[in-house]
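A.B. asks: I am attaching a structure below and will ask some questions about it afterwards.
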Amino acid sequence: MGLHTEKNLPVKAAPSKSAVWRKRVRDNKFAYMLMVPTIIFMLLVHLLPMIQGFWMSFLKLNQFTLGKYLKAPFVGMDNYIGLLFNSDNPVRQGLNFAIRNTVIYSVIVTIGVMIMGLMMALLMNRDFPGRSIARTAMLLPWVVPSYVVGVLWGFMWQQNGIINYFLVDVLHLFDEKPFWLLGPNTIWAIIIPTIWRGWPFLMVIFLAGLQTIPEDIYEAATIDGAGKLRQFWNMTLPMLKPVIAVQLLFQIINNVYSYNIVSTMFGNGAGYPGEWGDLLMTALTRQSFGYWSFGSGSAASIMLMFAMLMVVGVWYRAFRSELNAQ
């Protein structure tokens, strides 16, 4: 039996990356054209202001040089050094308290809205009469604007407000009506309204995730003898992990940059929430505009942005496997 030998055929060279890219652009020309307005909008709304803020952080921009704006005197890293090491810097005043409060506030609010949202999503995913009406009613706190939430809860937290009425006069949990807008209680006065307003959004997200899980696997698990709690820990929670990971990041960022509720609860930005109510955003806004120290305020904002980028990096390393699996 003879062996058949093929002739050596010329090997066609693989196309270069640039050629592949040009072909992809030609094949998807219409899609790229639709993206152009969005890219322009993102440049105008996000990238250019960010570059401008970065440049302002190197300028001596205050009430005396504001007329020069971006041509104000260049001071290099002085604004950053002043924030880190100069206790007389007006923007730095009270910043330590604001950082502490922001960390506490962000952690508790994030955990609170995630747990509340998941619990209500599990409840709303069950079949019961009036479920559609209940789902709609659950969204009411989220529909209320954050400015309105701050004003309403500010009145409710007053010493003679409705909250103290229920806690003291109805439930008799305290002997005297506490001050919720003064002292250490202030942190709870801003945490609870934020959780109250934020959990319905998480409920909607988790509910959408729950509805993508096939019912067959629950039926099979029930036949195998797995209880509801075991099904939740071993089936529901792992399948929702990518959704939980993304929402965890969104909530951390959103809570660190929280401003509206605290601002409106304490004089629409003009008041001082105190050592236990001040957050980073309210502190930076008040100190920067109150003292006309826009250069230092920009430097503080840039430092916060890089700190959040580090948080995003840690988050990505923690949930990389779940995200890449999607």
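The values are calculated or read from the model by the stated rules, or taken from the named source; none is laboratory data. Just so we're clear, the structure is a prediction, and the values are computed from it rather than from any experiment. Because the Cβ atoms are built from the backbone with ideal geometry, glycine has one as well, and the counts that use them run over all protein chains shown. Note: areas computed on protein heavy atoms with side chains; ligands, DNA, RNA excluded. Shrake-Rupley method; radii C 1.70, N 1.55, O 1.52, S 1.80 Å.
A.B. asks: Since residue 66 meets every condition but one in (1) in a helix (DSSP H, G or I); (2) of a type outside the set (Ser, Thr, Tyr); (3) open to solvent by 40 Å² or more (accessible area, probe 1.4 Å), which condition does it not meet?
C.D. replies: Among (1) in a helix (DSSP H, G or I); (2) of a type outside the set (Ser, Thr, Tyr); (3) open to solvent by 40 Å² or more (accessible area, probe 1.4 Å), the lone unmet condition for residue 66 is (1).
A.B. asks: Starting from residues that are over 22 Å from the mean Cα position of the chain (by Cα) and of a type in the set (Phe, Trp, Tyr), keep the ones in region 198-248 and report whichever is nearest to residue 317 (Cα to Cα).
C.D. replies: Filtering region 198-248 for residues that are over 22 Å from the mean Cα position of the chain (by Cα) and of a type in the set (Phe, Trp, Tyr), the one nearest to residue 317 (Cα to Cα) comes out as 233.
A.B. asks: Report, by residue number, each residue of region 153-165 that is without any contact (Cβ under 8 Å) to a residue 24 or more places away in the chain and assigned to a helix (DSSP H, G or I).
C.D. replies: Once the filter is applied, which keeps residues that are without any contact (Cβ under 8 Å) to a residue 24 or more places away in the chain and assigned to a helix (DSSP H, G or I), region 153-165 yields 155, 156, 162, 163, 164, 165.
A.B. asks: Looking only at region 125-180, count how many residues are in contact with a Lys or Arg (Cβ under 9 Å, 6 or more places away or on another chain), within 15 Å of residue 203 (Cα to Cα) and among the small types (Gly, Ala, Ser).
C.D. replies: So the answer is 0.
A.B. asks: If you don't mind, there's one more thing I want to ask. Within region 240-275, how many residues turn out to be open to solvent by 80 Å² or more (accessible area, probe 1.4 Å) and on the phi < 0 side of the Ramachandran plot?
C.D. replies: Residues of region 240-275 open to solvent by 80 Å² or more (accessible area, probe 1.4 Å): 241, 250, 254, 257, 268, 270, 272, 275.
Still in the running and on the phi < 0 side of the Ramachandran plot: 241, 250, 254, 257, 270, 272, 275.
Residues in region 240-275 being open to solvent by 80 Å² or more (accessible area, probe 1.4 Å) and on the phi < 0 side of the Ramachandran plot: 7 in total.
A.B. asks: So, restricting to helices (runs of 4 or more DSSP H) that lie completely within region 166-273, which ones have at least 1 residues that are among the hydrophobic types (A, V, I, L, M, F, W, C) and over 25 Å from residue 140 (Cβ atoms)?
C.D. replies: Per the criteria, 186-210, 215-223, 228-231, 237-256.
A.B. asks: Which one is farthest from residue 251 (Cα to Cα), of the residues in region 109-134 that are open to solvent by 20 Å² or more (accessible area, probe 1.4 Å) and in contact (Cβ under 8 Å) with a residue 24 or more places away in the chain?
C.D. replies: 125
A.B. asks: Within region 213-239, track down each residue that is open to solvent by 70 Å² or more (accessible area, probe 1.4 Å) and within 19 Å of residue 114 (Cα to Cα).
C.D. replies: Passing the criteria: 229, 233, 234, 239.
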